[in-house]
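Here the structure comes first, spelled out in structure tokens, and everything after it is commentary.
Derivation of every value follows stated rules applied to the coordinates shown; laboratory data play no part. Here the structure is a predicted model, which means the values were calculated and not measured. Don't worry about glycine lacking a Cβ; one is built from the backbone with ideal geometry, like all the others, and counts go over all protein chains shown.
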């Protein structure tokens, strides 16, 4: 007989669940590598699927007949009718589940080259990427493309899951050959933590449960890698960056500045400076959804109140005075172009970084990247799904960091002024700031601004 939980037990369970660490991970690979099957197997074998859904998927598996009467895990995730009919994933789909150790958000990225922009969307917030490789095909162009984008977008942890090992007789030789090929390519990428796991997603080998068919493999399962990968050190808890998203004025006695702490830690009583006014003040209170707190850190959403009544608006940045970001209107960035119309140099676009939107243009395309060789190619424009280095000029200065240093303040999206469509995404590169480039230190700009007013 199942024992019911007491009120205290229920509250303790909910408290533990709320305080579990969250891991966001991306699953990507070429078409038919088995992404949906892998995610379905993760959900199924970790008991994250209710019995009624399992019954429905079992019936659908028999009707589709693609797995010889066995349950098809891919049907758990392929919710769109078009996906089921074609057997492919056509958009990024987000799935949520948890285990005793962690909570997870999965981004299921499409495999077709024309959906590279969707993969970029899924990778932008991921802590870890699972790169799926079909054991029969080895490292292909899409493997390299997805790995390069994962590296470009600052994903520090990569698990290469060599799938369909059952179709190559669980050959260690095949696995080691793919591992060597991938290592040769990845040596030129900024991947800090790389693991290889042989799996069969359809049968469940080494996904959640250890495989008896791959006795030569002595490592852990994919689920073990997801639960054990350390991501706490990946967060930037040094540089306070608080972009204001909304000014809350419920009455004349309260003015709160709402937003998400994208990096760093803020404490009640901290000295802070507000961009672009340059005004300094102190944090009066930190209001969370459950009341006032003494400190908050990334990625907490809070409302700050300040000691002084200074002008703060949406898009302003709150920082510590002794730790401010770069300040300027010109920088260089790696840009992923997402529109079927090629990027046009010198044309006006809208650049949105955190909560701030500024007009600007791409002055020059320095070069494009060859995904297969990671070599630079001469280019004057970027076409659909191409990636290249660009020089960018904005009409107003912004506070920014290099993407490598701070993913939030080092990234932006490019918006078409006419259609309002997102046409590109960029990652700001580290560069020495020069006066001639239109960039100055934050404090030099503040000083010159006040001199101009006198």
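Laid out as a table, the results:
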quantity	calculated
Radius, Kirkwood style, for segment 326-443 when every pair of distinct Cα atoms is counted (Å)	14.3 Å
For q = 0.16 Å⁻¹, Debye-computed log10 I/I(0) when each Cα of segment 151-294 counts as one equal scatterer	-0.89
Estimated FRET transfer efficiency (residue 279, residue 376; beta-carbon r; R0 45 Å; 0.05)	0.55
Peptides 191-199, 417-425 ordered by average Cβ neighbours within 10 Å, highest first	191-199, 417-425
Overall dimensions of segment 211-287 as given by Cα atoms, namely Rg and Dmax in Å	21.8, 70
Gain in span if fully extended, residue 346 to residue 366, counting 0.36 nm per residue against the direct Cα distance	5.9 nm
Reference-scaled alpha-carbon Rg (2.2 N^0.38 Å with N residues) for segment 242-319	0.97
Highest average packing first - 126-138, 288-300, Cβ atoms within 10 Å	126-138, 288-300
Extension gain (nm, one decimal) between residue 293 and residue 313, 0.36 nm per residue minus Cα-Cα	4.9 nm
10 Å binning of all Cα-Cα separations within segment 134-175, expressed as whole percents from 0 upward	26, 44, 26, 4
Calculated FRET efficiency for the pair residue 418/residue 180, C-beta based, R₀ 45 Å, to 0.05	0.40
Length gained when the stretch residue 301-residue 140 is fully extended (0.36 nm per residue, less Cα-Cα span)	53.9 nm
Cβ-Cβ FRET estimate between residue 100 and residue 384, R0 fixed at 35 Å, reported to 0.05	0.20
28, 258 arranged by Cβ crowding within 10 Å, fewest neighbours leading	258, 28
Sorted peptide list for 336-342, 37-43, 221-227, criterion being average Cβ within 10 angstrom, highest first	37-43, 221-227, 336-342
